[in-house]
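Inspection log for the structure reproduced underneath, given as structure tokens.
Laboratory data are not the source of any read-out in this text; all were calculated from the coordinates shown. If you're wondering where the values come from, they're calculated on a predicted model, not measured in any experiment. Here Cβ is always computed from backbone atoms with ideal geometry, including for glycine, and neighbour counts include all displayed protein chains.
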Amino acid sequence: MKDKKGKVMTMDIGISEADRRKIAKGLSELLADSYTLYLMTHNFHWNVTGPQFNSLHTMFMTQYTEQWNALDIIAERIRALGFPAPGTYKEFVKLASIQEVEGVPKATDMIRHLVAAQEATARTARKLFPVVDEANDQPTADVLTQRIDIHEKTAWMLRSLLEE
């Protein structure tokens, strides 16, 4: 961005550019995991079958809707730190720790995949905390805390479906 005289305006929000860059990189990884999890959950919503169809179909819709809304929060935090948010499948595949699921698994396997993906996304958010804490970046810490809480709770609820 340039000022009235055409000079490039520097960002000064109290976090160094180097720290903002590290945080944006970590948030980009979280965004990639979150998008991959969103897509997996939506895919399973479309393709689930079996005796638990109705409850899983509804549960997956609730989960992918929540996940969809989170994507914007994460991407906008990256932008607020002064960096572009990744937004292509190619970038997400490179950044994500979650692997895509091929084919259409059985309902119980869908639940297992989602537990693993929810936990992976929580780990991705959690590993960014030391950088965020050191940079004194409370808004990002708030986003991370909210995301970890949701992913851990969702993993617990899904995991409960696997108990006999």
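Please indicate, with yes or no, whether at least one residue in region 113-123 is farther than 21 Å from Thr145 by Cα and either free of Cβ contacts under 8 Å to residues at least 24 places away in the same chain or not in a helix (DSSP H, G or I) (or both). No, region 113-123 contains no residue that is farther than 21 Å from Thr145 by Cα and either free of Cβ contacts under 8 Å to residues at least 24 places away in the same chain or not in a helix (DSSP H, G or I) (or both).
Look at region 83-103: where a residue is assigned to a helix (DSSP H, G or I) and a partner is crowded, with 17+ Cβ neighbours inside 10 Å and of a type in the set (Val, Ile, Thr), sitting 6+ places away or on another chain with Cβ atoms under 8 Å, you get Phe92/Thr36. Pairs are defined by a Cβ separation below 9 Å, a sequence spacing of at least 6 or placement on different chains, a first member in region 141-164 that is closer than 20 Å to Asp72 by Cβ, and a second member that is of a type in the set (Val, Ile, Thr) and surrounded by fewer than 18 Cβ atoms within 10 Å (Cβ to Cβ); the pairs so defined are Val143/Ile73; Gln146/Ile73; Arg147/Ile73. Residues in region 96-135 that are hydrophobic (A, V, I, L, M, F, W, C), within 12 Å of the chain's Cα centre (by Cα) and within 17 Å of Arg77 (Cα to Cα): Ala125 only.
Within region 74-104, being buried (at least 16 other Cβ atoms within 10 Å of the Cβ) and more than 29 Å from Ile15 (Cβ to Cβ) holds for one residue alone: Val101.
Yes/no matrix, rows are residues, columns are (1) of a type in the set (A, V, I, L, M, F, W, C); (2) more than 19 Å from Gln99 (Cβ to Cβ); (3) surrounded by fewer than 16 Cβ atoms within 10 Å (Cβ to Cβ):
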residue	(1), (2), (3)
Ala125	yes, no, no
Val132	yes, yes, no
Thr145	no, yes, yes
Leu162	yes, yes, yes
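Of the residues in region 52-59, at least one is within 18 Å of Lys153 (Cα to Cα) and not polar (S, T, N, Q).
Of all residues assigned to region 13-36, none qualifies as being out of contact with any His (no Cβ under 7 Å at 6 or more places or on another chain), among the aromatic types (Phe, Trp, Tyr) and surrounded by fewer than 22 Cβ atoms within 10 Å (Cβ to Cβ).
Condition (residue is closer than 21 Å to Val143 by Cβ, of a type outside the set (Phe, Trp, Tyr) and assigned to a helix (DSSP H, G or I)) applied to region 56-63: is it met by at least one residue? Checking region 56-63: at least one residue is closer than 21 Å to Val143 by Cβ, of a type outside the set (Phe, Trp, Tyr) and assigned to a helix (DSSP H, G or I).
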